[in-house]
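Have a look at the structure below before the remarks.
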Amino acid sequence: MQRLGALIRKETIQMLRDPSTILVAVVLPVILLLLFAYAVSLDIKNLPIAVVRESDSVKAQSLSAAYSGTKFFVVNSQPNRQKAYELMVRGTVRGIVIIPHNLDKRLTSSNLGPMVEIISDGAQPNTARFIGGAASGVAQEWLAQSIGSKSPSGLFAQITLIPRYWYNAEIESRRTLIPGAIAIVMTMIGTLLTAMVVAREWERGTMEAIMATPANTIEILIGKLLPYFGLGMMATLICGALATWFFGVPLRGTWFGIIIISSAFLVPALGQGLLISIVTKNQFAAAQLALFTGFLPALMFSGFLYEISSMPLPLRLLSQIVAARYYVDGLRTIFLVGDIWKVLIPNIGFMLAIGAFFFVLAWRNSSKTLDNK
């Protein structure tokens, strides 16, 4: 315990003397959370569209006003189709709604074509699909409210759809992005910082002095990791405080749940960083490998931005070995639902298993001799 305490104290002092460590652990989480909260948004609203009204009838004016009154669109009224097409080509608008000159006749006859024509920019497929659906919805709602039972589509006026969204009633993407962003931040801190721990010792030539001490390999590894574990937990509390108090993400679980699942995630994160550090023995190579094997999988295969269920089967299988996947799922459960241990315990188990795998590899690749035998 004396040897282990001395190693922990030595590593803590060295960590505190390194400005880059404090920068990554304290400043980087704040910057990344701000970026993910404000620069990344899955909420689709205020999309610019052009509305071409080819009829001056009261109904056509009313339908045009319905598009202007919705939060989904910012309407740019145009006198004819050609002007609207030019705006689409320049990228000024993402969609076009054309109200035909014979709208009144089309409302009473199904042989004259659809009520409106909707054109969307397919260069952004998700946005294009949303514009098509939302524009059709505005037209159907207007039809139900304005025409009602007087038209063949009067059935719409007799049916009221009231959707209910559990756990995130306002459908705010920030409430799901922020917990996922915390996982990305913790991946950066746990894997990137630890990846440079042993590599830095080799570059500075101080590893030989550590190897000459009576401490065994396990004591050296634990002594190096515990200070970074504490640093990671501090970053977790900072991120959690920002999420709840600054960004307004509801915390329906407890801080105890956040600490438990974050502690479990730091095991594979630190283990992966340690393994990279031991194998590379070079800070630059360790940092690059940590970004490639830690940050990118956490960003792409954790469910942070992309639904895992919509991925091809090989990628879904690959996501099973990405610890951030289980951390994101656990954090979202705690923040939006509560401490549901039937969900959290399996996630914790998977993360600990992945971490144990990394630590075994790191231990087997460690040596107290310079010839690595």
Q: Output the residues belonging to the range 306-354 that are farther than 19 Å from residue 252 by Cα, of a type outside the set (A, V, I, L, M) and surrounded by 13 or more Cβ atoms within 10 Å (Cβ to Cβ).
A: 306, 316, 319, 325, 346, 350
Q. Just wondering, is there one or more residues in the range 230-250 that are at pLDDT 85 or above, among the hydroxyl-bearing types (Ser, Thr, Tyr) and under 21 Å from residue 35 (Cα atoms)?
A. yes
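Table: residues versus (1) within 22 Å of residue 192 (Cα to Cα); (2) in a helix (DSSP H, G or I); (3) among the small types (Gly, Ala, Ser).
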residue: 26; (1), (2), (3): yes, yes, no
residue: 37; (1), (2), (3): no, yes, yes
residue: 49; (1), (2), (3): no, no, no
residue: 52; (1), (2), (3): no, no, no
Q.
For the range 219-239, give me the residue count where each residue is under 19 Å from residue 199 (Cβ atoms) and more than 21 Å from the chain's Cα centre (by Cα).
A. 11
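Residue by residue, here is whether (1) in the same structural domain as residue 184 (by TED's automatic domain parsing); (2) under 33 Å from the mean Cα position of the chain (by Cα); (3) over 30 Å from residue 192 (Cα atoms); (4) surrounded by 12 or more Cβ atoms within 10 Å (Cβ to Cβ) holds:
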{"site": "13", "(1), (2), (3), (4)": "yes, no, no, no"}
{"site": "98", "(1), (2), (3), (4)": "no, no, yes, yes"}
{"site": "108", "(1), (2), (3), (4)": "no, no, yes, no"}
{"site": "122", "(1), (2), (3), (4)": "no, yes, yes, no"}
Q. Only one residue in 241, 286, 209 is buried (at least 22 other Cβ atoms within 10 Å of the Cβ), assigned by TED's automatic domain parsing to the domain that holds residue 326 and either touching a strand residue (DSSP E or B) at 6+ places or on another chain (Cβ under 6 Å) or not β-branched (Val, Ile, Thr) (or both), so which one is that?
A. 286
Q. On the given criteria, is residue 276 assigned by TED's automatic domain parsing to the domain that holds residue 192, at pLDDT below 85 and among the hydrophobic types (A, V, I, L, M, F, W, C)?
A. no
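The values are calculated or read from the model by the stated rules, or taken from the named source; none is laboratory data. Just so you know, these numbers come straight off a predicted model, no measurement behind them. Methodologically, a virtual Cβ is constructed for each residue, glycine included, from the backbone with ideal geometry; neighbour enumeration extends over all protein chains shown.
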